[in-house]
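Below is one structure, written out as structure tokens, with a few remarks after it.
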Amino acid sequence: MGKQKIIMAKNAGFTLVELMIVVAIIAILAAMTVPSFITYRDKARVAYAIGSSEAIRAALASYAAASVENVYPSTGTISDFSSLRLVVNEHGGMLPVNALFTVSGYAFYDTDGDNINDTYSMRLIVNGVSGSIVGAQLLITPQGIFKCTVAGSPC
């Protein structure tokens, strides 16, 4: 019998060091991109809340127009998101069941002393958003929507 050649198969694949380098590169890329995604998500939530705030302003104007003396809702009428949702949905707006923001203050004012609620202000805190982002707190008035941070001074 002839000589048999023993052929050793060359191991094809990656070494542990090469795999660790690839994992480290992926981790570095993820560390650089995740904060950007969080910022984009927060900005999207603020933009959605501002759009909802426009619906709130329109619904409160409709509420005042439908009332006998052209008054805005009293403070007891709007105390949290669910009561705000009822008022808005009954007067032409559409807020979802899930709370997008927290009503942190609603007040109506008689500016000329005739016992008619001439104006209002409502403070909303956007849920799930960093307090340092402009727009994390919204102040809604008949004159407009004002964006502020929660961490800074109030609107």
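The values are calculated or read from the model by the stated rules, or taken from the named source; none is laboratory data. The structure displayed is predicted, hence computed values, not measured ones. Please note: Cβ atoms are built from the backbone with ideal geometry, for glycine as well, and neighbour counts cover all protein chains shown.
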**Message:** Looking at (1) at positive phi; (2) of a type outside the set (D, E, K, R); (3) surrounded by fewer than 12 Cβ atoms within 10 Å (Cβ to Cβ), which one does V97 not meet, given that it meets all the others?
**Reply:** (1)
**Message:** Can you say whether Y109 is within 25 Å of G135 (Cβ to Cβ), surrounded by fewer than 20 Cβ atoms within 10 Å (Cβ to Cβ) and under 16 Å from the mean Cα position of the chain (by Cα), as far as the supplied structure shows?
**Reply:** no
**Request:** Count, please, the residues in region 140-155 that happen to be surrounded by fewer than 18 Cβ atoms within 10 Å (Cβ to Cβ), modelled with pLDDT of 90 or more and either more than 14 Å from A49 (Cα to Cα) or not charged (D, E, K, R) (or both).
**Result:** 5
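So that you can scan it fast, the table gives a plain yes or no per residue for (1) out of contact with any Cys (no Cβ under 9 Å at 6 or more places or on another chain); (2) surrounded by 14 or more Cβ atoms within 10 Å (Cβ to Cβ); (3) of a type in the set (G, A, S); (4) touching a residue at least 60 places away in the same chain (Cβ under 8 Å):
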| site | (1), (2), (3), (4) |
| --- | --- |
| V22 | yes, no, no, no |
| I26 | yes, no, no, no |
| M32 | yes, no, no, no |
| P35 | yes, no, no, no |
| R45 | yes, yes, no, yes |
| S62 | yes, yes, yes, no |
| A65 | yes, no, yes, no |
| T75 | yes, no, no, no |
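If you take the residues in region 66-80 that are part of a loop (DSSP other than H, G, I, E, B) and among the aliphatic types (A, V, I, L, M), which one is nearest to F101 (Cα to Cα)?
Narrowing region 66-80 to residues part of a loop (DSSP other than H, G, I, E, B): 67-80.
Now drop any that are not among the aliphatic types (A, V, I, L, M), which leaves 68, 71, 78.
Working: V68: 30, V71: 25, I78: 14 Å.
So, considering only residues that are part of a loop (DSSP other than H, G, I, E, B) and among the aliphatic types (A, V, I, L, M), the one nearest to F101 (Cα to Cα) is I78.
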